[in-house]
Amino acid sequence: FRVLHAHFFINDLVAAYKDTNNPKYLEKGYDIIEDWIKKNPYGKALNRFAWHDEGTARRLVTWINYYDSARSILDNNQQRLLLNSMEEHVQLLLSDSFHTSYTNHGMFQDEALLVYSSYFDHNNVVYQTVAQQRLKDYFDFIISPEGVHLEHSPAYHQVIAGSINKYKNYFEKINDKQ
């Protein structure tokens, strides 16, 4: 259920739209997103995994990808609903009580803040600063002095190494050398 609520499959609808230029894929994506929003208000969701720590972060990134392609076909009410829900996600991800510090889930939460900040708020200093400090704390905690990810799973080593490379490229792009 966790993966279902992360809405990864919406990215497939966006890709289908980009391949075909047929708006039916984006329209279907909006129907799914709208239905999810209506059925899963925070604190009263139909499923306990609706607001899972990692799933919430990954859903936000997916919705930003969706919005980037769909904003030209969404009417004002549809845009407002989606934007308001994304802002709700951001405020939740920003809160210390929701953040899962020192975990890869927290890493994805901070990544979502960076993506949102870059896309909507022209590198909002608050979101960026919080996410950057959390990421630094996480990597300082989870990577040994020898450079080994302390989860001790080969799959995690690959995921984290790839993530570190993405963050390095991102911070170089925005000229942040910290």
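The values are calculated or read from the model by the stated rules, or taken from the named source; none is laboratory data. Worth saying up front: this structure is predicted, and the values here are computed from it rather than measured. Because the Cβ atoms are built from the backbone with ideal geometry, glycine has one as well, and the counts that use them run over all protein chains shown. Areas reflect the complete protein model, heavy atoms only, side chains present, ligands, DNA and RNA absent. Shrake-Rupley method; radii C 1.70, N 1.55, O 1.52, S 1.80 Å.
Region 6-36 and region 87-146 have Cα centres spaced 26 Å apart.
Among 59, 134, the sequence by solvent-accessible area, most first, with a 1.4 Å probe is 134, 59.
Can you tally the net charge around residue 32? Count Lys and Arg as +1, Asp and Glu as -1, for every other residue whose Cβ sits under 14 Å from the Cβ of residue 32. Charge balance in the 14 Å sphere: 0. Set the Förster distance to 41 Å, then compute FRET efficiency between residue 125 and residue 18 from the Cβ-Cβ distance, nearest 0.05. The calculated FRET efficiency here is 0.80. Screening the chain for whole DSSP H helices with an alpha carbon extent of at least 18 angstrom along the helix axis and a mean Kyte-Doolittle hydropathy of at least -0.5 yields 8-20, 76-94, 104-120, 125-142.
Work through the residues other than residue 45 whose Cβ is under 13 Å from its Cβ and net out their charges, Lys, Arg +1 and Asp, Glu -1.
Net charge in that neighbourhood comes out at +4.
Using heavy atoms of the protein chains and a probe of 1.4 Å, the accessible area assigned to residue 93 is about 0 Å². The ellipsoid that matches the Cα gyration tensor of region 67-154 has semi-axes, each √(5λ) in whole angstrom, of 31, 13, 12, with the longest given first. The lysine pair count for the chain, using Cα distances under 15 Å and pairs eight or more places apart or on different chains, is 6. Expressed as a whole percent, how much of the Cα-Cα distance distribution for region 4-136 exceeds 18 Å? The proportion of pairs with Cα distances above 18 Å equals 53 percent. Above 17 Å, the calculated P(r) of region 112-166 contains 45 percent of its Cα-Cα pairs. Structure remark: mean-square fluctuation, Gaussian network model of the chain, C-alpha springs under 10 Å; the largest value among 147, 29, 106 belongs to 147.
Among 151, 34, 87, whose mean-square fluctuation peaks in a Gaussian network model of the chain (Cα, cutoff 10 Å)? So, out of 151, 34, 87, the one fluctuating most is 151. Helix content alone sets the calculated 222 nm mean residue ellipticity of the chain: runs of n ≥ 4 DSSP H residues at -39500 (n - 2.57) each, divided across all residues, give -23500 deg cm²/dmol.
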